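Okay, so here's the structure we're looking at.
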Amino acid sequence: MFVRRMRASLRGWGGVGAMAVGCALALAFVLLLPLTQSRGEGGQGEGLGGPGLATGSPAKADDCTDSQAQNETWSPSGADGSTIDAIKARTGAKRKLIVGVDQNSYRWGYRNPNNSDAELEGFDIDLVHRIAQDILGDPNAVQFKAIPTSQRIPAIQDGRVDMVVRTMTINCDRLKDVAFSAPYFKTGQQVLAPKSSSITGYNGTLAHKKICTAAGSTAYAKLDADRKSGKLVASADISTTVPNQLDCLVRLQLGEVDAVVTDGALAASQAAQDPTVELKGAPFTTEYYGVAMKKDATDLVRRVNQILVEYRADGWQASYDKWLSATLGGDSAASKPATPQYLRSS
């Protein structure tokens with residue numbers, strides 16, 4: 001990427017002024033995707049499960065614990081319902097699946113300046129194309145909407161998007177506001193810091209350090225809860241939050257913060273962009289990414305879960321090998337979620 005090539009011409013943490021200009025140019029480039037604000041046209045409602053599939057509802061969010069939140073979803077079905085019918089009823093150029101994504105998370109959802117059209121690509125983007133292929137018969141029948149981390153849930157609730165596929169962790173608090181598919185990726189929170197830093201992980205070396213997280217992220221929620229409970233050293237400064245995760249990397253490069261806390265899968269990609277930073281310590285949480293949709297879009301949730309059953313068997317590994325093996329390693333076993341409980345025989 002542009003940031004990586006530009007960083008290669010700098011040494012260590014010198015050239016801060018040049019770095020600031022370079023980062024500004026890089027961010028200006030990746031933010032070219034139009035942030036259209038038209039509302040989604042799909043009506044919402046309950047769908048019907050296919051023949052022979054379980055029809056029981058997921059447990060209430062009030063009964064949820066984060067350790068089993070990834071199972072709080074609807075059983076798979078290939079049947080259409082009111083939500084999917086409304087998506088299919090769109091005509092002409094509007095007959096597209098409207099999906100909230102990231103456009104600056106390297107290897108997940110980003111614009112590659114080395115491609116002639118600078119189209120969005122990455123692991124999340126591959127999944128979006130697979131969903132569009134199944135529902136609309138065309139992998140390119142997608143309207144991408146770039147949304148910041150903090151706007152993922154509002155974009156769904158306001159009907160601006162049909163779903164969000166944006167490295168979004170399934171947890172109990174979010175299940176109160178949106179519905180999630182079964183998990184499609186397993187990760188955990190990790191610390192990212194300069195290689196020369198004295199920070200060694202999520203421990204006492206974070207004392208008196210400034211830590212950056214994305215607003216509305218599980219990383220910030222974890223840090224806030226841990227500092228209140230005493231699990232995180234009290235002198236750690238967690239006040240720096242940004243709209244998009246890449247902004248934390250820029251703050252780190254400019255020396256405005258000492259460390260970044262984010263999902264290890266994202267942190268590994270950021271380390272690949274900048275050879276002067278690295279992951280510090282092991283993951284200190286276990287989290288699962290899911291596709292987020294409106295709470296009452298039951299038929300759409302079921303359909304996405306059916307797609308994921310097929311994608312896990314044919315497509316997931318190829319996408320991992322293409323986008324993530326270089327940063328997370330060739331063995332994908334730690335990143336592929338276990339079979340959700342709803343898929344097991346009762």
Practice item. Would you rank Asp162, Asp80 by solvent-accessible area, highest first, keeping every protein chain in place and using a 1.4 Å probe? Key: Asp80, Asp162
Review point. Which whole-number percent gives the relative contact order of region 208-313, counting Cα pairs below 8 Å spaced six or more residues apart?
Key: 25 percent
Study note, to complete from the structure: One checks the Cα atoms of region 240-319 and finds Rg and Dmax, in Å, of 17.1, 47
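For Asn203 and Gln68, FRET efficiency with R0 = 35 Å and r from the beta-carbon atoms, rounded to 0.05? Display every interim value, and only then the final one.
On the way: r = 28 Å, r/R0 = 0.79.
Computed FRET efficiency for Gln68 and Asn203: 0.80.
If R₀ is 30 angstrom, what is the calculated FRET efficiency for the pair Asp177 and Asp224, using the beta carbon separation as r and rounding to 0.05?
Numbers: r = 18 Å, r/R0 = 0.61.
According to the calculation, E is roughly 0.95.
Taking the square root of 5 times each eigenvalue of the Cα gyration tensor, what semi-axes in Å does the equivalent ellipsoid of region 127-184 have, largest first? It would help to have the intermediate numbers written out before the result.
Working: eigenvalues 88, 37, 19 Å².
Working from the Cα gyration tensor, I get semi-axes of 21, 14, 10 Å.
Report for region 93-231 the percent antiparallel among DSSP-assigned beta bridges with both residues inside it, nearest 5. Intermediate values should be presented prior to the final figure.
Details: 4 of 11 bridges.
Beta bridges within region 93-231, antiparallel portion: roughly 35 percent.
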Practice item. State the percentage of accessible surface on region 196-346 attributable to carbon and sulfur atoms; use a 1.4 Å probe and exclude ligands, DNA and RNA. Key: 49 percent
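Sort 175-185, 303-313, 271-281 by the packing proxy (mean of other Cβ within 10 Å over each peptide's residues), most packed first.
On the way: 175-185: 23.3, 303-313: 20.4, 271-281: 18.2.
Descending packing order for the listed peptides: 175-185, 303-313, 271-281.
With the Cα gyration tensor of region 139-288 giving a ≥ b ≥ c as the square roots of its eigenvalues, does the rule (a/c under 1.5 for rounded; else a/b larger than b/c for prolate; else oblate) give rounded, prolate or oblate?
Details: a/c = 1.99, a/b = 1.58, b/c = 1.26.
The shape class here is prolate.
The values are calculated or read from the model by the stated rules, or taken from the named source; none is laboratory data. For clarity, every value in this text was computed on a predicted model and none was experimentally measured. Note that each Cβ is placed from the backbone with ideal geometry, even for glycine, and that neighbours are counted across all protein chains shown. Ligands, DNA and RNA are excluded from the accessible area calculation, which covers all protein heavy atoms including side chains. Shrake-Rupley method; radii C 1.70, N 1.55, O 1.52, S 1.80 Å.
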